[in-house]
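Structure first, then comments.
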Amino acid sequence: MNKSELIEHIAKQADISKAAATRALEALIGGVKSTLKKSGSVSIVGFGTFAVSKRAARSGRNPRTGAAIKIKAAKVPKFRPGKALKDALN
């Protein structure tokens with residue numbers, strides 16, 4: 001399912017227009033992004049938790065030349081599914 005299909009699904013399930021569903025989805029994504037940017041976490045009970053994880057600096061290889069390169073430390077988003085989501089899949 002892509003973003004436009006998700007918007008259609010939200011619009012049908014909530015009985016709202018696609019424009020309203022788009023605004024709701026954008027607001028959700030924006031809220032998650034801004035919270036993660038502040039190194040916070042977003043927990044949706046029954047669905048899961050979005051959090052920020054730190055990836056340490058490391059050395060790697062350029063696959064084309066084989067030369068060693070340094071990869072900088074980075075913050076990466078993580079998603080940990082909740083119990084209800086896991087149970088729904090199994």
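Residue by residue, here is whether (1) modelled with pLDDT of 95 or more; (2) surrounded by 10 or more Cβ atoms within 10 Å (Cβ to Cβ) holds:
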{"residue": "SER34", "(1), (2)": "yes, yes"}
{"residue": "SER39", "(1), (2)": "no, yes"}
{"residue": "GLY46", "(1), (2)": "no, yes"}
{"residue": "ALA51", "(1), (2)": "yes, yes"}
{"residue": "GLY66", "(1), (2)": "no, no"}
{"residue": "ALA74", "(1), (2)": "yes, yes"}
{"residue": "PRO81", "(1), (2)": "yes, yes"}
query: In the range 10-39, which residues are small (Gly, Ala, Ser), closer than 22 Å to PRO81 by Cα and in contact with a helix residue (DSSP H, G or I) (Cβ under 9 Å, 6 or more places away or on another chain)?
result: ALA24
- prompt: Would you call SER59 of a type in the set (S, T, N, Q), open to solvent by 80 Å² or more (accessible area, probe 1.4 Å) and assigned to a strand (DSSP E or B)?
  reply: yes
task: Please determine, by comparing only the residues of the range 62-90 that are part of a helix (DSSP H, G or I) and of a type in the set (Gly, Ala, Ser), which one is nearest to THR35 (Cα to Cα).
output: ALA84
- request: Scan the range 6-28 and give yes if some residue there is part of a strand (DSSP E or B) and either surrounded by 10 or more Cβ atoms within 10 Å (Cβ to Cβ) or over 19 Å from the mean Cα position of the chain (by Cα) (or both), otherwise no.
  value: no
message: As an exercise: evaluate SER39 against (1) on the phi > 0 side of the Ramachandran plot; (2) in a helix (DSSP H, G or I) and give the number of the one condition it does not meet.
response: (2)
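The values are calculated or read from the model by the stated rules, or taken from the named source; none is laboratory data. On a predicted model such as this, the values are computed, not experimentally measured, just so you know. Heads up, the Cβs are rebuilt from the backbone with ideal geometry, glycines too, and the neighbour counts pull from every protein chain shown. Accessible surface is based on the protein model in full, side chains and every heavy atom, while ligands, DNA and RNA are left aside. Shrake-Rupley method; radii C 1.70, N 1.55, O 1.52, S 1.80 Å.
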